[in-house]
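The values are calculated or read from the model by the stated rules, or taken from the named source; none is laboratory data. Because the structure is a prediction, the values reported are computed rather than measured. Here the Cβ positions follow ideal geometry from the backbone for every residue, glycine too, while neighbour counts run over all protein chains shown.
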Amino acid sequence: MFAGRSQDEADMLYLQLFDLMEGQKELEEGAIKKALGNMSASRYTNLKRHLYQQILNSLRLIQKEKKANIKIREYIDFAYILYDKGLYMQALRVLEKAKKLAARHHTDFSTITIIEIEKMIHSRHITRTDTKSIDGLMLEATVLADTISNRVKLSNLRMILHKFYVEHGHARNESDSAKMRSYFGKDEELVDPAKLGTMERVYLSQANVWYYYILNNFERCYKHALEWVELFRKSKELQHRDVDLYLRGYHYLLTSAYNIKHFEAFGKHLAELEALRKDNYSRFNVNTQIISFLYVHNARLNKHFLEGSFAAGLETIKSTRRRISRYRDKLDAHKIMVLQFKIAWMFLGNDMPEKASAYLDRIIRISTRSLRDDIQAYARLMNLIAHYDMENFRLLPSLVKSYNNFFEKVEQKNEFQRLALSMFRQLTNAPILDRKEVLLRFHAKLKKLQQDPFEQRAFLYLEILPWLEARIKGQTLSQVIQASLDTTDQ
């Protein structure tokens, strides 16, 4: 319908290209060029670019009534056009419509743009507006500028913390912790919490979540994630405005509850997230559907790990794998990596080490070393567990040597990893009857190491202690975890 507005043959060529592409299951550009009369490569490239632009233009028209920010920008464009034609009073009337819509949807960055255009028109023309209205316009701009300034400061802080996490993972030592404190203290002092609006309070809670998440302080992380979620829960307008951020708050709430083994809170918040997703899924756009998949499925897998219900987890990962396949082109490598890591552990918990190793190999083969070195490191340790369970004792020495080199290159090796490598090195050299003694000795060492605050995160990445207990007692991971739950309940 959008393309049908033009009947010019040259302009309609891009529609032929669209029809040809749409008719193919796999893109075959040779066949398309032939159908278009074997046009030159440069002309074909230009035609594709033109088609892409027309598709975006048509989608913009479709989304205009659904997305307030698109409609607001259209009003701003209309105002510029009217002003350029000397119709400045009409431009002001259009800007007033834009401002009301922006206020209703709290699009502050658009609002400040609208106000600045209004100020420009009033300063250059006699608009017969009383001085009180102009004073109000200036006050409105000043207040909004303070709000936006606070939001930018807090969003910058979030990005600094996020960048550190992507590059390094969690704080590994006192030096990392000191760096986090310097980042956070310096920027937080620039913001007065008493003067923050609801959205800025969300941003502050989010920054606190990231800060304590990186520092492995999951009790405090849980507290601030709950603040984040509560701010959204109390405001339907805020939920409509940025449901993705609401879902993200739940993700960190669940992750924190999982890490501190808060079983009751985890179950409660997962049920809330599942209900939120189910009730609103039909209204979610594609991006929100993908985000909801990631957070819900991540939590479902974690629930199985908490309960030791690995057999039931096999059914869950069937659905997870289907969704990964469906959304693969829209998922970044980091998100896929995290899910593959969890799927591998699920297979290990079901005594299926061959399948676990196949997933771990996908992570290990990733060439982007800067992408979550921590996940790549623990994937290697989990792969040693998988090969031990497969009784690949001839292969283990070369794997230990190769993985040790990896840890040295990326400066990842901590005491947990050093002990794990040493354990597998000794297990491959020990006679069969002595292996239980090796496992017992390292279980004691790792149990003691678990008290070190900078080593605790390693035990969350890789639950090696339950695995060791399972091998020592001749039980399954499920049996060991469920026995520990029974002990906790008593």
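Assess whether Ala275 counts as being more than 29 Å from Gln479 (Cβ to Cβ) and either at pLDDT 95 or above or surrounded by fewer than 19 Cβ atoms within 10 Å (Cβ to Cβ) (or both). Answer is yes for this residue. Candidates in the range 432-450 are the residues that are within 18 Å of Ala470 (Cβ to Cβ) and among the aliphatic types (A, V, I, L, M); of these, the one that is modelled with the lowest pLDDT is Ile432. Being among the polar types (S, T, N, Q) and assigned to a helix (DSSP H, G or I) is the filter here, so list the residues in the range 202-251 that pass it. Hits for the range 202-251 are Ser205, Gln206, Asn208, Gln239. When the residues of the range 97-116 are filtered to those that are among the small types (Gly, Ala, Ser) and out of contact with any Asp or Glu (no Cβ under 9 Å at 6 or more places or on another chain), the one that is surrounded by the most Cβ atoms within 10 Å (Cβ to Cβ) is Ser110. In the set Tyr295, Tyr327, only one residue is among the aromatic types (Phe, Trp, Tyr), at pLDDT below 95 and either touching a helix residue (DSSP H, G or I) at 6+ places or on another chain (Cβ under 9 Å) or not in a loop (DSSP other than H, G, I, E, B) (or both); that residue is Tyr327.
Among the listed residues Asn405, Asn414, Asn429, which satisfies the condition of being closer than 18 Å to Gln376 by Cβ, loosely packed, with under 14 Cβ neighbours inside 10 Å, of a type outside the set (D, E, K, R) and modelled with pLDDT under 95?
Values: Asn414 fails: loosely packed, with under 14 Cβ neighbours inside 10 Å; Asn429 fails: closer than 18 Å to Gln376 by Cβ.
Sole residue among the options that is closer than 18 Å to Gln376 by Cβ, loosely packed, with under 14 Cβ neighbours inside 10 Å, of a type outside the set (D, E, K, R) and modelled with pLDDT under 95: Asn405.
From the list Ser282, Ser256, Ser309, Ser292, which one is farther than 23 Å from Glu219 by Cα and buried (at least 19 other Cβ atoms within 10 Å of the Cβ)?
From the options Ser282, Ser256, Ser309, Ser292, the qualifying one is Ser292.
For the range 191-205, the count of residues that are crowded, with 22+ Cβ neighbours inside 10 Å, among the aromatic types (Phe, Trp, Tyr) and within 27 Å of Ala458 (Cα to Cα) is zero. Ile385: modelled with pLDDT under 90, buried (at least 17 other Cβ atoms within 10 Å of the Cβ), under 18 Å from Leu421 (Cβ atoms) and among the β-branched types (Val, Ile, Thr), yes or no? Answer is no for this residue.
A single entry from Ile148, Ile134 fulfils the requirement of being in contact (Cβ under 8 Å) with a residue 40 or more places away in the chain, in a helix (DSSP H, G or I) and of a type in the set (A, V, I, L, M, F, W, C): Ile148. Can you pull out every residue in the range 65-96 that is surrounded by fewer than 14 Cβ atoms within 10 Å (Cβ to Cβ) and not in a helix (DSSP H, G or I)? Selection gives Glu65, Lys66, Lys85, Gly86. Checking Ser398, Ser422, Ser402 one by one, the residue that is within 33 Å of the chain's Cα centre (by Cα) and on the phi < 0 side of the Ramachandran plot is Ser402 and no other.
Is at least one residue of the range 439-451 charged (D, E, K, R) and surrounded by 17 or more Cβ atoms within 10 Å (Cβ to Cβ)? Quick ask: steps written out before the conclusion?
Applying the first criterion (charged (D, E, K, R)) to the range 439-451 yields 441, 445, 447-448.
Next, only the ones that are surrounded by 17 or more Cβ atoms within 10 Å (Cβ to Cβ) stay: none.
No: zero hits.
Looking only at the range 10-31, filter to residues that are farther than 18 Å from Ile55 by Cα and assigned to a helix (DSSP H, G or I); which one of those is nearest to the chain's Cα centre (by Cα)? Result: Glu29. Among the residues making up the range 141-159, those that are within 12 Å of Tyr203 (Cβ to Cβ) and among the β-branched types (Val, Ile, Thr) are Thr147, Ile148, Val152.
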